[in-house]
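Quick note: the coordinates plus some simple rules give every number you see, no bench work behind them. Note that the coordinates shown come from a computational prediction; the quantities given were computed from them, not determined experimentally. Heads up, the Cβs are rebuilt from the backbone with ideal geometry, glycines too, and the neighbour counts pull from every protein chain shown.
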Amino acid sequence: MSGGVPQLLAGKRAVVTGGANPRGIGAAIVRLFIEHGAAVAVLDRDYPDNDAGGPRGGGPVTLHCDVSNGASCEAAMARAQDALGGIDVLVNNAGIVAATRIWDLPEDEFRRMVDVNLTGTYNVTRVALPALLASDRKPAIVNLGSTAALRGGGLLGGSHYAASKGGVISFTKALARELGPRGVRANCVAPGIIETDMTLGKFGENWETELKQGIPLQRFGSPAEVAQAILFLASDLSSYSTGIVVDVNGGFHIH
Ligand SMILES: NC(=O)c1ccc[n+]([C@@H]2O[C@H](COP(=O)([O-])OP(=O)(O)OC[C@H]3O[C@@H](n4cnc5c(N)ncnc54)[C@H](O)[C@@H]3O)[C@@H](O)[C@H]2O)c1
């Protein structure tokens, strides 16, 4: 307990990708994980290549990593593991979005989307896996899907974004099946419209008002609200859940 709040990740060592943007979901995950007692390493392409990476005043270890590049993931994960002494939780949060419609969608943009969102999730999982399998602290993987994967994009995500996130959801379910017998859980969070740089100011006032009216909870979500669902899936609170997709969308998509 810290200040009366139960520490749901006490003693856990967590790697979170895509946490460099202070207004993003990744940074909210890192803040909440640290509040709950985890030691955290953050991997992001926006950290400098030569970043010393050391923990800063109780903050996370920060390491440069391009998740779409296998070698970059391998180097960053080795340093994360050195710094943390092991890995018990992996959150694959790094991602990109684009609204390009299919008739304007060039092959290189399609490939880039899949490279970052789907292959990136595979790359980071692959290099973290030996440490997760060696963990005796109830290891868990949490991946970031999206409502776009479930409803066919249509808002800020085009077909390539929806397909990449659909791939992440299927990949997560397969991980759950393959890794469950070896003691590692794997789950997904599917956020709806969350107020980050990916979405803020992107709809225009009229469309934004209309969208909010169509959401049962009548508003967009916050990064902290996504982080709370991820905390649940990363912690032992969800010890009998694997292969599930938790919607964090205000009721925007109910199925
Ligand atoms: N914001 C939303 O409404 C929303 C909805 C559904 C799903 N998501 C998903 O949540 C995750 C976080 O999104 P966000 O809204 O916080 O976005 P964001 O743009 O604020 O953060 C994304 C982070 O990923 C990092 N990143 C991008 N490409 C990378 C790469 N190749 N290698 C390493 N790091 C990379 C960026 O530097 C950034 O720090 C993404 O996977 C996104 O698809 C967001």
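Filtering the range 196-223 to residues that are under 14 Å from G250 (Cβ atoms) and assigned to a loop (DSSP other than H, G, I, E, B) leaves T199, G214, I215, P216, L217, Q218, R219, F220, S222. Residues that are within 14 Å of the ligand (Cβ to nearest atom) and either buried (at least 24 other Cβ atoms within 10 Å of the Cβ) or in contact (Cβ under 8 Å) with a residue 40 or more places away in the chain (or both) within the range 34-53 comprise A41, V42, L43, D44, R45, listed in sequence order. Being aliphatic (A, V, I, L, M), within 11 Å of the ligand (Cβ to nearest atom) and in contact with a strand residue (DSSP E or B) (Cβ under 8 Å, 6 or more places away or on another chain) is true for just one of L175, L155, L144, L179. Which residue is that? Result of the check over L175, L155, L144, L179: L144. Exactly one residue out of R23, R31 is near the ligand (Cβ under 8 Å from one of its atoms) and in contact (Cβ under 8 Å) with a residue 60 or more places away in the chain, and it is R23.
When residues in the range 126-162 are screened for being under 21 Å from V248 (Cβ atoms) and either surrounded by 17 or more Cβ atoms within 10 Å (Cβ to Cβ) or in contact (Cβ under 8 Å) with a residue 60 or more places away in the chain (or both), 17 of them pass.
Within the range 70-99, residues that are within 15 Å of P60 (Cβ to Cβ) and touching a residue at least 40 places away in the same chain (Cβ under 8 Å) have Cβ atoms under 8 Å from residues that are within 12 Å of the ligand (Cβ to nearest atom) and among the polar types (S, T, N, Q) in these pairs: V91/T17; V91/N143; N93/T17; A94/T17, counting only partners at least 6 apart in sequence or on another chain.
Answer yes if at least one residue in the range 148-157 is charged (D, E, K, R) and in a helix (DSSP H, G or I), and no otherwise. Yes, that holds for at least one residue. Residue under question is P60, and the condition is that it be closer than 23 Å to S135 by Cβ, of a type outside the set (G, A, S) and either surrounded by 21 or more Cβ atoms within 10 Å (Cβ to Cβ) or more than 15 Å from the ligand (Cβ to nearest atom) (or both); does it hold? Here the answer is yes, as P60 does meet what is asked.
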